[in-house]
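For reference, the structure discussed in these notes is given below.
Each value in this text was obtained by applying a stated rule to the coordinates, not by laboratory testing. A quick note: this is a predicted structure, and the numbers were derived from the prediction, not measured. Please note: Cβ atoms are built from the backbone with ideal geometry, for glycine as well, and neighbour counts cover all protein chains shown.
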Amino acid sequence: MLIIPIGDDNSDRTTTPYINYLIILVNVIVFVAFQQLGSDTSFTYAFSTVPQEIVTGRDLVTEDQVVRDPISGDRFAIPGLQPTPFSVYVTLLVSMFMHGSIAHIAGNMLFLWIFGDNVEHALGHVRYLVFYLVCGVLASLAHVFSTLVFGGDMTIPSLGASGAISGVMGGYLLMFPGRRVTVIMFRFITQVSALVAVGLWFVFQLISGLGVLGDETQGGGVAYAAHIGGFIAGLVLVKFFAIGRETVTTGRAWR
């Protein structure tokens, strides 16, 4: 990306974003304690969201595979899908608290840290938590749907908080379009409006998503459909969740 958010204006936030902090903490605990920094593939491949499982409602277990890179000739192992001890639909929730690498969780938590606190301040603690979870589930369903429609591999698992965080960013853009966001742009640190920072991020997701057409094997493992779906869910739902709340953007209740 040509623009990377690193902070925003919190001068008018008067509440502590306890839920946002809790979500970040849970993500870290799951990655460190349960995924063992990504090395525990049994846990990861048991609780990731697998499109075929969501569509059929049946758990899918596969064998480990050894594949050969056609360019380098190197061979590497791909872990098989592990049995999910509960309903496969539970993975729609659990998977949004798991990550594939340290870089993956670090990037996601940075975005959540920047954008989540102001959305929580506007919605209130409980509403923000529900909003976050709903956006995450809808984002995962968008990934499943796009994989099915565009002929992607239905057995490739997906995980991460990106979809839910995309929903938070959609809500942030609608409520705080003029808020100043500190970004790294072309290697320089500057400030732009949320409309520019978040808007450019979404345009990048659209372009990249259209490029892979739902096939994550061509997108470097990035579930762009989940990002797009989560973002749209946030845009659509945030006004509903904010009904009756006094917002810092308008000084009056949302209608």
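What size of dipole, in debye to the nearest 20, comes out for the chain about its Cα centre when the only charges are +1 on Lys and Arg C-beta atoms and -1 on Asp and Glu C-beta atoms? It would help to have the intermediate numbers written out before the result.
Values: 12 positive and 16 negative charges, 181 e Å.
The calculated dipole for the chain is roughly 880 debye.
What is the order of E120, E63, fewest Cβ neighbours within 10 Å to most? Don't jump to the answer; show the numbers that get you there.
Working: E120 26, E63 8.
Going from sparsest to densest Cβ surroundings: E63, E120.
Please find the FRET efficiency linking L195 to Y18, where r is the Cβ-Cβ separation and R0 is fixed at 30 Å, and quote it to the nearest 0.05. Please report the intermediate quantities before stating the final value.
Working: r = 28 Å, r/R0 = 0.94.
So the FRET efficiency works out to roughly 0.60.
Hey, with R₀ at 30 Å, roughly what FRET efficiency would V67 and F145 work out to, going by the Cβ-Cβ distance, to 0.05?
Values: r = 27 Å, r/R0 = 0.90.
Calculated transfer efficiency: 0.65.
Taking the C-alpha atoms of the chain, how large are the radius of gyration and the largest Cα-Cα span, Dmax, in Å?
Both quantities, over Cα of the chain: 18.6, 62 Å.
Where does the charge balance sit around G167 when Lys and Arg score +1, Asp and Glu -1, over other residues with C-beta under 14 Å from its C-beta? Don't skip to the answer; put the middle values down first.
Numbers: positive: R127, K239; negative: E120.
Within the 14 Å Cβ shell, the charges total +1.
Using only DSSP helix segments of four residues or longer, with each worth -39500 (n - 2.57), what per-residue ellipticity at 222 nm results for the chain after dividing by its residue count and rounding to 500?
Details: 9 runs with 127 residues, N = 255.
Per the formula, -16000 deg cm²/dmol.
Taking the dipole about the Cα centre of the chain, with the C-beta of Lys and Arg at +1 and of Asp and Glu at -1, give me whichever of P177, Q82, G152 is farthest to the positive side.
P177
Select from the chain the helices, each a whole stretch of DSSP H, whose alpha-carbon atoms run 24 Å or more along the helix axis and whose Kyte-Doolittle mean is at least -0.5; answer none if there are none. Each step should come with its number before you reach the end.
On the way: long enough: 102-123 (30 Å, 0.90); 125-149 (36 Å, 1.59); 194-212 (27 Å, 2.07); 224-241 (25 Å, 1.62).
Counting only whole DSSP H runs, the qualifying helices are 102-123, 125-149, 194-212, 224-241.
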